[in-house]
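The structure appears right after this line, and notes come after that.
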Amino acid sequence: MTKSAKQSIRVITIDGPSGSGKSTAARKLAQRLGFAHLDTGAMYRAVTFQALRQGLNLRDSAELINLTKQIDLDLVPTAHGTEVTICGQDVTELIRTVEVTENAHFIASRRGVRDEMVKRQRKLARKLAPLVAEGRDQGTVVFPHAQLKFFLDADPATRARRRYQQLQSSGENVTYEQILSGIQTRDARDSTRSTAPLEVPPGAIIVDTTNMSVEKMVDELARHVQRILSTLEQRQSKQ
Ligand code: C5P
């Protein structure tokens, strides 16, 4: 399947809310197919982290757009996943804090910032393809012509539990209730913002991961990849 997937598919998108399993699914599906993995949430997080570090005014659009244009941000594939660097400094862990998570909406809601991000993401895709791109707007805005689009979801309690476990293991001091309420606030913000709101992309396959193990989730996505490949092959053989 891998060779044929690499030849026939350029971009697979995975969108969904936080804790839906999309990062794990994107990383593992990419590994299985031999595709690159583009974590666009990490890009929004990196800009947020840098804006906080420079003490920028998070309500000043011009400052944030300027930062997004200038930032020397790189996503480096490694054996353990994607390493995120700013000016060569590894910030992979630093961008996962609660502080960055809670302030990312200042960055993600600015049209000018998003326009710049879309440019960067398409440029990265030209370099990295074939790839699995994950985020909130990958199938709707960034890659509307992707051959395969997924939208992952899970009930809020499950998503909060997953985030809680992640943050516990990285030593963050937060309660489950705080996480659940943060998830509800971010869901509302992500889906009601005027620029590129989180929504199911046209033609996307919706996968409810609430009761799925990681393995089952990745198997399910891979099954759809296989199905699309068979359809593409049938079409080609008729031509
Ligand atoms: O997915 P993750 O939690 O890492 O995303 C970090 C932040 O970036 C979230 O606030 C999310 O709304 C935003 N984001 C976005 N568009 C994307 C990816 C992430 O607005 N394509």
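The values are calculated or read from the model by the stated rules, or taken from the named source; none is laboratory data. Only a predicted model underlies this, so the values are computations on that prediction, with no experimental measurement involved. Heads up, the Cβs are rebuilt from the backbone with ideal geometry, glycines too, and the neighbour counts pull from every protein chain shown.
Numerical summary
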| item | result |
| --- | --- |
| R189 crowded, with 18+ Cβ neighbours inside 10 Å, assigned to a helix (DSSP H, G or I), among the basic types (K, R) and within 14 Å of the ligand (Cβ to nearest atom) | no |
| Options G88, G112: the member that is in contact with a Leu (Cβ under 9 Å, 6 or more places away or on another chain) and closer than 25 Å to N66 by Cβ | G112 |
| All positions within region 1-27 that are of a type in the set (D, E, K, R) and either free of Cβ contacts under 8 Å to residues at least 40 places away in the same chain or within 16 Å of the ligand (Cβ to nearest atom) (or both) | K3, D15, K22, R27 |
| Matching residues, region 155-184, being among the polar types (S, T, N, Q), farther than 18 Å from K22 by Cα and modelled with pLDDT under 90 | Q168, S169, S170, N173 |
| Matching residues in region 122-152 - criterion: being surrounded by fewer than 20 Cβ atoms within 10 Å (Cβ to Cβ) and touching a Ser or Thr at 6+ places or on another chain (Cβ under 8 Å) | Q147 |
| Of the criteria (1) within 15 Å of the ligand (Cβ to nearest atom); (2) under 28 Å from E220 (Cβ atoms); (3) part of a helix (DSSP H, G or I), which one T48 fails | (2) |
| Meets criteria (within 13 Å of the ligand (Cβ to nearest atom), touching a His at 6+ places or on another chain (Cβ under 6 Å) and of a type in the set (G, A, S)) for A42 | no |
| Filter result for T24 (part of a strand (DSSP E or B) and polar (S, T, N, Q)) | no |
| Of residues in region 192-203 being within 14 Å of the ligand (Cβ to nearest atom), within 15 Å of the chain's Cα centre (by Cα) and not charged (D, E, K, R), the one modelled with the highest pLDDT | P201 |
| Conditions (1) farther than 28 Å from E99 by Cα; (2) touching a residue at least 60 places away in the same chain (Cβ under 8 Å); (3) among the acidic types (D, E): number failed by D190 | (1) |
